[in-house]
Amino acid sequence: RQMCVRDSYGEDQLRRRVSWALHQIWVVSHSNINQQRGIQEYIEILDRNAFGNYRDLMKEMTLSPAMGNYLDMVRSTRYSPNENYPRELLQLFSIGLYMLNQDGTLMLDNQGNRIPTFDQNKIDHFTKVFTGWSHCNSGNNPACPNAVIGFWNLIDPMYVVFPDNHDQSEKILFDYPNAPNPVIYECFDCATDEARRLYANDSLDKTLDNIFYHPNVGPFIGKLLIQHLVTSNPSPA
C-alpha cells in the first residue's frame, strides 16, 4: 500500500512511468534469479537511467547480473560462445530486425522488400564481443564491493573474471555512414590478464558506440517509448 501511495502521489511519477516503459523493452525474468536483490538492482538501473542517455543505459544493462543470467552472457566464453544477449540487444533493445526511415516506417529495397539489419554472420561477430563476463564474486576486488563468499554477486556489474575467456580475435561490426568502430581489431598485445581485461572492456565500449549511433536506434526505440508512454499506434509524424 505504501508503494501504491508513493507512486500515485509522490514527486517521482514521471520517473516511475519512464522506468516502467524501459522495463517493457529491457526485459528480464525473476525465474532466472534466485535472489530478490538481483531484481532490485535491475530496477534501480532503469530508475537511474530513466531521464539519462540511452547509451549509458545500454552499458549498465549489458553488465547487469540480472540480464547476464536471463540471456546467458554470464556463461558466454570464447570456448563456448552464447549468442542470446547480442541477438536480443540488436533485435529488441536497439535497432530491430529491419532498416527504418527516421519516421519509423520500413525502408524498402528496389523490389519493395524489407531490408534486414543483420544476418547470422553479423551475430557471430557481435557474439565474440560479449564473451568473458561473469559474476564478480571475489571479495578482494575493489570493483565488486558487494561480493559475499558463497553467493552469486547480483548487485555489482559483471566483470571479466577470467580474461582468457574473452574472444581476442577480430570482430566486424556495423558499417553505416560515419559509423564508429566498424571493426574491432584482434588484440596483438594481450600477453597479460590485465591487457586482456582492458581489451575486453575497450571492445565492449566501442561495440556499444557502434550500435548506439546506428540510424535505426532513434526511430526504433522512440516508437517503443511512444507506444508505452503515449499511444500504442503512433503515426509516422
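Of the residues V183, V148, V27, the one that moves most in a GNM of the chain with alpha-carbon contacts below 10 Å is V148.
Here A179 and N110 are evaluated by their C-beta separation; at R0 = 25 Å the FRET efficiency comes out at 0.60. For the range 6-108, how big is the tail of P(r) above 20 Å, as a whole percent of Cα pairs? Everything past 20 Å amounts to 47 percent.
Distance cut-off 18 Å, Cα to Cα: go down the list K122/K223; K171/K206; K128/K171; K128/K206 and report the pairs above it.
Values: K122/K223 25 Å; K171/K206 11 Å; K128/K171 7 Å; K128/K206 13 Å.
Correct reply: K122/K223.
Residues whose amide H comes within less than 5 Å of that of Y98, counting only those at least five positions distant or on another chain, are T117 (H built at 1.01 Å from N in the peptide plane).
Our summary gives the range 79-184 a relative contact order of 21 percent, counting only alpha carbon pairs under 8 angstrom and 6 or more residues apart. Taking R0 as 25 Å, what FRET efficiency do you get between Q227 and Q13 from their Cβ-Cβ distance, rounded to the nearest 0.05? It comes out at approximately 0.85.
For the range 95-195, just run the numbers: alpha carbon Rg, then divide by 2.2 N^0.38 Å, N being how many residues it has.
Numbers: Rg = 19.2 Å, N = 101, 2.2 N^0.38 = 12.7 Å.
Relative to the 2.2 N^0.38 Å estimate, the range 95-195 comes out at 1.51.
For the range 60-152, what does the alpha-carbon gyration tensor say about shape, rounded, prolate or oblate, given a ≥ b ≥ c as the root eigenvalues, a/c under 1.5 as rounded, and a/b over b/c as prolate? Prolate shape, in that a/c is at least 1.5 and a/b is the bigger ratio. The modelled label-to-label distance for the pair Q120/A195, using points 7 Å beyond Cα in the direction of Cβ, is 3.6 nm.
Considering only M61, N121, S94, and ranking their Cα positions along the charge dipole of the range 1-128 that arises from unit charges at the beta-carbon of Lys, Arg, Asp and Glu, the one farthest toward the positive end is M61.
The solvent-accessible area of S29, taken with every protein chain present and a 1.4 Å probe, is close to 30 Å². An ellipsoid equivalent to the chain, defined through the eigenvalues of its Cα gyration tensor, has semi-axes of 29, 27, 13 Å when rounded to whole angstrom and sorted largest first.
Show me 100-111, 197-208 ranked by packing, highest mean number of other Cβ atoms within 10 Å first. Don't skip to the answer; put the middle values down first.
Values: 100-111: 12.5, 197-208: 19.1.
Put in order of decreasing packing, that is 197-208, 100-111.
Rounded to the nearest Hz, the phi-derived 3J(HN,Hα) couplings of the range 222-233 under the Karplus curve 6.51 cos²θ - 1.76 cosθ + 1.60 (θ = phi - 60°) are x, 5, 4, 5, 4, 5, 8, 10, 10, 8, 6, 10, where x marks glycine and proline. Distance distribution note for the range 38-78: the fraction of Cα pairs above 16 angstrom is 35%.
The values are calculated or read from the model by the stated rules, or taken from the named source; none is laboratory data. Just so it is clear, the model here is predicted, and its values are computed rather than measured. Counting neighbours? That spans all protein chains shown, and the Cβs are built from the backbone with ideal geometry, glycine included. Note: accessible area is taken over every heavy atom of the protein model, side chains too, but ligands, DNA and RNA are not part of it. Shrake-Rupley method; radii C 1.70, N 1.55, O 1.52, S 1.80 Å.
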